[in-house]
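The values are calculated or read from the model by the stated rules, or taken from the named source; none is laboratory data. Model, not experiment: these values are computed from the prediction. In this analysis, Cβ positions are derived from the backbone assuming ideal geometry, glycine residues included, and neighbour counts consider all displayed protein chains.
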Amino acid sequence: MKPLAGQIADNQASEEATAETAVSQKLDLSKIKVEPLFEDFVDFETFSKSDFRVVKVLNCEEVPKSKKLLKFTLNDGSGIERTILSGIKEFYNAEGLIGKTLVAICNLPERKMMGIPSQGMVISAVCEYDGKEALNLLMLDDNIPAGAKLY
């Protein structure tokens with residue numbers, strides 16, 4: 001997987017460079033392949049049980065001895081820092097994600113990965129581009145406050 005055009009793998013580049021790259025690179029839509037939609041429907045009550053929240057990245061670091069994991073320390077608006085691990089290390093530089101505004105599911109059962117408890121899941125978009133898997137974190141406008149619920 002690699003980030004789609006406009007997403008710089010080395011997130012240490014300035015925001016101006018990122019914006020210029022996004023404008024200068026055009027995606028060839030004929031090279032994008034997405035998974036088909038699910039045929040089964042989820043009833044509204046089941047869907048409503050998922051707690052999607054806006055989170056702010058307070059810190060992000062590589063998990064030692066892991067080839068895939070990044071450890072996020074997040075502000076979810078509750079006043080208590082939330083830790084979420086995500087297997088996106090090959091797509092993002094940890095330091096470049098600090099300060100970003102993301103979406104997370106906050107009511108998943110805690111799960112240990114590499115001995116570290118993960119308290120949810122950050123949301124990403126995944127597709128195939130030009131025969132390779134591509135991943136982009138869902139990032140929101142920084143003006144949306146931590147803890148805002150998504151419906």
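Report whether or not L137 is within 30 Å of K33 (Cα to Cα), aliphatic (A, V, I, L, M) and out of contact with any His (no Cβ under 9 Å at 6 or more places or on another chain). Give the steps one after another, and end with the answer.
Working: within 30 Å of K33 (Cα to Cα): yes; aliphatic (A, V, I, L, M): yes; out of contact with any His (no Cβ under 9 Å at 6 or more places or on another chain): yes.
Yes.
Counting only residues that are assigned to a strand (DSSP E or B), surrounded by 11 or more Cβ atoms within 10 Å (Cβ to Cβ) and either at pLDDT below 90 or of a type outside the set (V, I, T) (or both), how many does the range 126-151 have?
Residues in the range 126-151 being assigned to a strand (DSSP E or B), surrounded by 11 or more Cβ atoms within 10 Å (Cβ to Cβ) and either at pLDDT below 90 or of a type outside the set (V, I, T) (or both): 9 in total.
Kindly evaluate A94 against the criterion of being out of contact with any Cys (no Cβ under 9 Å at 6 or more places or on another chain), modelled with pLDDT of 95 or more, buried (at least 18 other Cβ atoms within 10 Å of the Cβ) and among the small types (G, A, S). Before you say what the answer is, go through the steps one by one.
On the way: out of contact with any Cys (no Cβ under 9 Å at 6 or more places or on another chain): no; modelled with pLDDT of 95 or more: yes; buried (at least 18 other Cβ atoms within 10 Å of the Cβ): yes; among the small types (G, A, S): yes.
In short, no.
Tell me, which residue of the range 109-125 that is within 15 Å of V55 (Cα to Cα) and assigned to a loop (DSSP other than H, G, I, E, B) is nearest to the chain's Cα centre (by Cα)?
Among residues in the range 109-125 that are within 15 Å of V55 (Cα to Cα) and assigned to a loop (DSSP other than H, G, I, E, B), the one nearest to the chain's Cα centre (by Cα) is I123.
Are any residues in the range 29-46 surrounded by 10 or more Cβ atoms within 10 Å (Cβ to Cβ) and more than 30 Å from G99 (Cβ to Cβ), and if so, which ones?
Correct list: K31, K33, V42.
Of all residues in the range 74-91 being surrounded by 16 or more Cβ atoms within 10 Å (Cβ to Cβ) and over 14 Å from M114 (Cβ atoms), which is nearest to the chain's Cα centre (by Cα)?
I88
Could you list, in sequence order, all residues of the range 112-134 that are farther than 22 Å from A146 by Cβ and not hydrophobic (A, V, I, L, M, F, W, C)?
If the condition is that a residue be farther than 22 Å from A146 by Cβ and not hydrophobic (A, V, I, L, M, F, W, C), then K112, G115, E128, Y129, D130, G131, K132, E133 are the ones that fit.
Take L37 and decide whether it is aliphatic (A, V, I, L, M) and farther than 22 Å from G120 by Cα.
yes
Conditions tested, residue by residue: (1) in contact with a Leu (Cβ under 8 Å, 6 or more places away or on another chain); (2) among the acidic types (D, E).
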site: S66; (1), (2): no, no
site: L70; (1), (2): yes, no
site: K100; (1), (2): yes, no
site: V126; (1), (2): yes, no
site: D130; (1), (2): no, yes
site: E133; (1), (2): no, yes
site: L140; (1), (2): yes, no
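Please go through (1) free of Cβ contacts under 8 Å to residues at least 40 places away in the same chain; (2) surrounded by 15 or more Cβ atoms within 10 Å (Cβ to Cβ); (3) in contact with an Asp or Glu (Cβ under 7 Å, 6 or more places away or on another chain) for C106 and return the number of the only condition it doesn't satisfy.
Going through the list (1) free of Cβ contacts under 8 Å to residues at least 40 places away in the same chain; (2) surrounded by 15 or more Cβ atoms within 10 Å (Cβ to Cβ); (3) in contact with an Asp or Glu (Cβ under 7 Å, 6 or more places away or on another chain), C106 breaks only (1).
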